[in-house]
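To keep things clear, I will list the structure first and then write my remarks on it.
Every number here is computed from the coordinates shown, using simple stated rules; none is lab data. None of the values given here were measured: they were computed from a predicted structure.
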Amino acid sequence: MGFLITTFLILAFSLLAVIDGFYLHILKYQLFNHKESKFEHFTHTIRSVLFPLIVYFLLIVQNSKTAFYLGVLFVVLDIIVLAVDAFVEKDSRAFMGGLPRWEYILHLFVNGFHFSSIAVFFVLKLSLSEKGIFIIDDLSNCKNFELFQLVATNLLPGAVLLAIIHVLTSMKKTQEYWNSVRARLVCC
């Protein structure tokens, strides 16, 4: 049941993250184009790069303690960057009159699903005993593990693409190209 829960949570996170991180931040508000929000865009870029690393090293790679520890490191870095992002967000959105309440609520859900999926995964991956905490190397015999792996593996290309878009919109030359492409879109 645990892998079914964490699969649902990571799917919910991913769907909301595309709405927030791509539609709102890149398309609608174009945070990278506003002086006040450039640092916020930078924190989003870091988090967008960390997410596929977390998915790959923590969730996909099995039977490797090194990969697990790298995944944990990326989660810790993600938490630190999230704290910085939350701290600067109020000033960052001055150009639009502040962060809309509904987007603030969306951020709560996005990050709630993100870190809940990781917490549930830790419950499945770690074993507590009187002798300490142990990493379970092979989870392939667990119920719904294959579904979880399938979902995590298929989320990876989209997560990498979103990270690339964030990086490209951080650089002046590709930012100008993105702005010219964006100007031709009439939907958003």
message: Can you tell me which of GLU146, GLU130, GLU103 moves the most in a GNM of the chain? Springs connect C-alpha atoms under 10 Å apart.
response: GLU130
- request: Taking just the C-alpha trace of region 87-133, give me its Rg and Dmax in Å.
  value: 17.6, 55
- prompt: Counting each DSSP H run of 4 or more residues in the chain as -39500 (n - 2.57), what helix-only mean residue ellipticity at 222 nm follows after dividing by all residues, to the nearest 500 deg cm²/dmol?
  reply: -22500 deg cm²/dmol
- prompt: Reachable lysines from LYS90, Cα under 24 Å, same-chain residues fewer than 8 places away excluded?
  reply: LYS28, LYS35, LYS38
task: Could you work out the relative contact order of the chain, using alpha carbon pairs under 8 angstrom and six or more residues apart, expressed as a whole percent?
output: 37 percent
message: Give me the one-decimal Kirkwood hydrodynamic radius in Å for region 1-91, with the sum taken over alpha-carbon pairs.
response: 14.4 Å
query: In bins 10 Å wide, starting from 0, what share of all Cα pairs of region 51-126 does each bin hold, as a percent?
result: 17, 41, 25, 14, 3
statement: Candidates GLY98, GLY132, GLY112; GNM for the chain (alpha-carbon contacts under 10 Å) flags as most fluctuating GLY132
message: Angle check, please: helix 2-17 long axis (alpha carbons) against the longest principal axis of the chain (alpha carbons), in degrees 0 to 90, nearest 10.
response: 10 degrees
For region 132-173: Kirkwood Rh in Å [reciprocal of mean 1/r, alpha carbons]: 13.1 Å
task: Send over the semi-axes of region 94-188's equivalent ellipsoid, whole angstrom and largest first, taken as the square roots of 5 times the C-alpha gyration tensor eigenvalues.
output: 39, 19, 13
